[in-house]
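Only one structure is covered here, and it is reproduced in the block below.
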Amino acid sequence: MQTLNYRFPATRAVPGAIHIGVVASGDLEILVQPPGDGDATDSAAVRVRTSVNGFDTVWHDVLERFFTRIALAGTWELNDFGATPGVVTLRLRQAAEAAGANGPTS
Amino acid sequence: MLTRRSFIELDALGRATALLDPGSVRVLAGPFDRLESPWLAPQGITPQADDGTVIARGTADGRPVVIAAIEQGFQGGGTGEVSGAKISQALLLAAAESRAGAPTAAVILFETGGVRLQEANLGLNAVAEICSAILDLRPLAPVIGIVAGTVGSFGGMSIAAGLCTRLIVTPQARIGLNGPAVIEQEGGVGEFDSSDHALIWAVDGGEQRCATALADDLIPDDADLLRTALIDAVHGGVTEAGQHRSQRLDVLASRLATLDPSDPPSPDDLRRLWGPHYTPVPEPPTAGATKVDHPKTRGRSWLRALGGDATLEQVIPSVLVATTKTARYLAVVPDPDNRFYRAREGQVGLTESLAVAQAVHDLIEADKDEDVKRAIIAVVDLPSQAYGRIEEMGGLHQAMAATVDAYHRARNAGHPIVAFVVGTALSGGFLTHGLQANQILALDDPHVEIHAMHEAAAARITLRTVDELNELAKTILPMSYRVEDWAKLGFCDGLLSVENADSPTQADVDKVFTAIVDATERARRGPLDLSNRLGSEAAVATRRASRAVRELLARQWNPE
C-alpha cells in the first residue's frame with residue numbers, strides 16, 4: 001500500500017460530507033468533507049491510499065485533470081483497491097455530482 | 001422482469017436502504033466516524049472507512065429494526081475486529097432496547113467468506129461474540145438472516161446464520177461452513193471440485209438449503225420481494241423456546257443417522273431423505289457403539305487426568321466425557337474408525353457437534369433443579385473442523401450452531417464454562433468447542449496453537465508464503481501462532497506452564513486443577529455474557545478498536 005498526498009487549487013467548498021464507493025477489487029471509496037476551521041478554502045487536500053504501488057504520476061494526472069474542471073475545495077480521501085483511471089474518474093464525478101457540482105463535461 | 005429491482009447488485013448501504021421503510025434509515029458508526037481496521041494498513045492493505053459493515057437503524061413496516069449489512073466487496077466480507085464488533089454491539093443494543101420494552105428486531109445480511117485471516121484470532125473471537133449476542137437477543141426479538149449472494153455465507157458466520165430465528169435466501173445464495181476452494185485445498189479435488197459450479201450450488205445453494213429446511217424462505221433476487229419477506233419475518237416475532245433449528249437436537253440426530261458417508265446420498269436424494277421441514281426423519285437401525293482403540297493424544301490424556309476417578313465415557317467414539325460431582329469434562333478426540341472419514345483426526349464434524357451439544361444439554365437437564373450448577377470444562381485439542389463435501393451437504397454450520405447454542409444455554413443457566421486449550425484450537429472447531437466459555441485457559445507450550453486457520457492454508461489463501469506470514473505475525477498480534485501472543489488479545493484468563501504437556505505429571509494435574517477451580521469461581525462471580533473479554537487488562541491494551549466501536553454505537557444508538 002502506498003499513501004500519496006496532493007493539493008490542488010480550488011474555488012468553492014463542498015457543501016457537506018460525501019461518501020461514494022467501496023474498497024472492492026478494482027474499485028475505491030471516496031470521502032469528501034468541507035474544509036475545517038483553519039483549513040485552506042482555496043484548495044483541495046487529497047490523500048490517496050492505494051493497494052498498487054508506483055503509480056504516483058498517473059494518480060497526479062487523473063486528479064489534476066479532475067480538479068482543473070471541478071475545483072471543489074475540501075479534504076478528499078481516496079481508499080483505493082486497484083481501480084483503473086477510468087473508474088477513479090467515474091467515482092470522482094459521482095462525488096462531484098453528490099456535491100451538486102458537475103462542472104463542464106469533457 | 002424489467003421492473004424487477006435487483007438486490008444482489010446493491011452495495012451494503014443500498015441493501016439496508018432497500019429493506020427499511022423509506023426515509024427511516026439512520027446509519028450508525030458510518031464512514032466519517034472512521035472506525036477502520038487498525039490491522040490492515042500495517043500489512044499494506046487498504047482499509048475501508050466503515051470496515052465494510054453498515055449498521056443502520058430504521059423501521060420495517062413501522063417496526064423498529066437494526067440492520068447489519070456486510071459489504072461483500074471489501075475483503076470478501078471477511079469478519080474483522082471492527083466489523084465484527086459493530087455487528088455484535090448492534091445485537092446487544094437491540095437486546096437492551098428490547099428488554100427496556102421496545103422489541104427491536106435485528107437483521108444480518110450475511111455476505112462473507114468468514115473470518116478475515118489478516119485479523120485471524122480477533123476475527124474468530126468476534127464471530128463467537130456475534131453468536132452469543134444473537135442468542136441473547138433471539139428470545140426477545142427476532143434475529144433475521146438474509147443471504148442474497150453473490151459471496152454467500154461461509155466460515156464461522158454461517159454458524160451465526162444457523163442461530164437466526166429465520167433465514168431468508170435467494171437462489172443465488174450459498175451457505176456453508178467451509179467454502180469449496182478450502183475443501184479442495186484441504187481434501188483434494190476428489191473431495192470437492194471447486195470449479196464445478198453446479199455441484200457447489202447443489203450442495204450449498206439457497207434452493208437446496210431451503211429444500212432441506214436449513215433455510216426458511218426462498219425469494220428471487222428482487223429488492224421488493226425481499227423486503228416483503230423481511231417484514232413478514234419481523235411480524236412473525238420470536239420463536240418459542242426449544243423450537244429453534246439450533247435447539248432441535250432430536251431432528252439433527254435423526255437426520256445424521258440417515259447419512260452414510262460410505263454411500264452418501266446425492267443432493268437430490270438428500271431433499272427426499274430430509275424434506276423441507278425441520279422435523280425428525282425415520283432413522284435406520286444403527287450398530288451399537290464399538291469399542292475404540294483411541295490414539296493417545298493430549299486431549300484424551302488431560303481429560304483422563306482431570307476427570308480423576310470418573311470413568312471416561314464416550315458419547316460417540318470421538319467425543320469423550322468424564323463427569324464428577326462438580327464438573328463435566330468434555331473433549332473431541334481422534335477416532336480412526338469414524339464413519340465420517342474427514343473427521344478421523346479429532347476434527348469437529350457433524351456427529352461431534354451433535355454429541356458435544358447433547359452432552360452439554362444433558363447436564364443442563366440433570367442440574368436444572370440444582371442451585372449450584374456443575375461446571376463444564378471443554379478440554380480443547382482439535383486440528384480444526386471437518387473439511388468435507390458430505391459435511392457441507394449435511395449442513396455442518398447448522399450442527400455447529402446446535403453446539404454453540406447448547407454452550408450458550410448452559411452458560412446462561414449458570415453453568416460455569418471453562419475452555420482449557422492443551423493442543424491446537426483452530427477455526428470453526430474452536431468456535432464450536434471452546435469459544436463460548438466464560439473463561440479460557442491455555443497451556444503455555446510451543447505445541448499449543450490457537451488460530452483461525454492452520455499456517456499453510458492461511459498462507460495459501462492470503463497469497464503469502466509461510467515465512468512472510470510469520471514475519472507479519474511478529475508485529476500483527478492477532479495473526480500470531482504463538483500462544484503467548486494470543487494471550488495478549490484480551491480473552492485469555494490464564495496461561496499455565498507445566499512440566500509435561502503430553503503426559504501430565506501429578507504436579508501438573510494439581511496445578512491445572514487448581515487453575516480450573518479458580519476459573520470456575522471467577523465464572524460464577526462474573527458476567528453471564530462474554531463482556532469480560534473486552535474488560536480485561538489485555539483487552540484494554542489490544543482491543544482498543546473493539547472498545548471504541550462499542551462506545552460509539554452505544555452513544556449513537558439513539559438520535560441526538
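Only the coordinates and a few stated rules stand behind these numbers; no lab work does. It should be emphasised that the depicted structure is a prediction, and the values quoted were computed from it without experimental measurement. Glycine also receives a Cβ, built like all others from the backbone with ideal geometry; neighbour counts cover every protein chain displayed.
Computed values, structure above
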quantity: Diffusion coefficient, µm² s⁻¹, Stokes-Einstein with Kirkwood Rh over alpha-carbon pairs of the range A:2-98 at 10 °C and 1.306 mPa s; calculated: 121 µm²/s
quantity: Charge dipole (the protein assembly as shown, unit charges on Cβ, about Cα centre) - positive-most of A:Ile30, B:Thr104, B:Ala49; calculated: B:Thr104
quantity: Dipole moment magnitude, nearest 20 debye, the range A:2-98 about Cα centre, only Lys, Arg, Asp, Glu C-beta charged; calculated: 160 debye
quantity: Net charge dipole size for chain B [Lys, Arg +1 and Asp, Glu -1 on Cβ; Debye, nearest 20]; calculated: 1040 debye
quantity: Gap separating the Cα centres of the range A:15-80 and the range B:308-352, nearest whole Å; calculated: 57 Å
quantity: Cα-projected label distance for B:Arg99 with B:Val540, points at 7 Å along beta-carbon direction, nm; calculated: 2.3 nm
quantity: Total formal charge among the other residues, if their Cβ is under 14 angstrom from that of B:Gly58, Lys/Arg +1 and Asp/Glu -1; calculated: +2
quantity: Mean residue ellipticity (222 nm) of chain A, computed from DSSP H runs ≥ 4 via -39,500 (n - 2.57), nearest 500; calculated: -8500 deg cm²/dmol
quantity: Span from the the range B:420-486 Cα centroid across to the the range B:518-560 one, whole angstrom; calculated: 22 Å
quantity: DSSP beta bridges in the protein assembly as shown [antiparallel fraction, %, rounded to 5]; calculated: 45 percent
quantity: Test item: B:37-46 mean partner chain Cβ contacts at 10 Å; calculated: 3
quantity: Gain upon complete extension [B:Arg272, B:Ala413; 0.36 nm per residue less C-alpha separation]; calculated: 47.0 nm
quantity: Point-to-point label distance, A:Ser25-B:Asp224, nm (Cα→Cβ direction, 7 Å offset); calculated: 3.4 nm
quantity: P(r) tail fraction, the range B:122-238 - alpha-carbon pairs more than 19 Å apart, %; calculated: 50 percent
quantity: Mean residue ellipticity (222 nm) of chain B, computed from DSSP H runs ≥ 4 via -39,500 (n - 2.57), nearest 500; calculated: -11500 deg cm²/dmol
quantity: Förster radius 30 Å - calculated FRET efficiency between A:Gln94 and B:Asp33 (Cβ-Cβ, nearest 0.05); calculated: 0.90
quantity: Rounded to the nearest 20 debye, dipole of the protein assembly as shown from Cβ charges on Lys, Arg, Asp, Glu; calculated: 1060 debye
quantity: Amide H contacts of A:Ala44 (H built 1.01 Å from N, under 5 Å, at least 5 apart or other chain); calculated: A:Phe8, A:Ala10, A:Gly74
quantity: P(r) weight above 12 Å for the range B:84-126, C-alpha pairs, percent; calculated: 66 percent
quantity: Label point at A:Asp61 placed 7 Å out along Cα→Cβ; residues across the range A:70-95 whose backbone nitrogen lies under 19 Å; calculated: A:70, A:82-93
quantity: Acute angle (nearest 10 degrees) that the helix A:85-98 long axis makes with the longest principal axis of chain A, alpha-carbon atoms; calculated: 30 degrees
quantity: Relative contact order of chain B, defined on C-alpha pairs under 8 angstrom at six or more residues apart (%); calculated: 13 percent
quantity: Distant alpha-carbon pairs in chain B (separation over 37 angstrom), percent; calculated: 25 percent
quantity: Stretch gain in nm, segment B:Ala181-B:Asp193, where the contour uses 0.36 nm per residue and the Cα spacing is subtracted; calculated: 3.5 nm
quantity: Sequence ranges B:315-327, B:252-264, ranked by mean other-Cβ count within 10 angstrom, highest first; calculated: B:315-327, B:252-264
quantity: Translational D in µm²/s for the protein assembly as shown (Stokes-Einstein at 37 °C, 0.692 mPa s, Kirkwood Rh from C-alpha pairs); calculated: 128 µm²/s
quantity: Whole-Å distance, taken between Cα centres, linking the range B:45-95 and the range B:98-113; calculated: 10 Å
quantity: Sequence-separation-based contact order of chain A, relative, with Cα cut under 8 Å and 6+ spacing, percent; calculated: 38 percent
quantity: Descending principal axes extents, the range B:22-173, alpha-carbon based, whole Å; calculated: 45, 33, 28
quantity: The range B:12-247: relative contact order in percent, alpha carbon pairs under 8 Å with at least 6 residues between; calculated: 16 percent
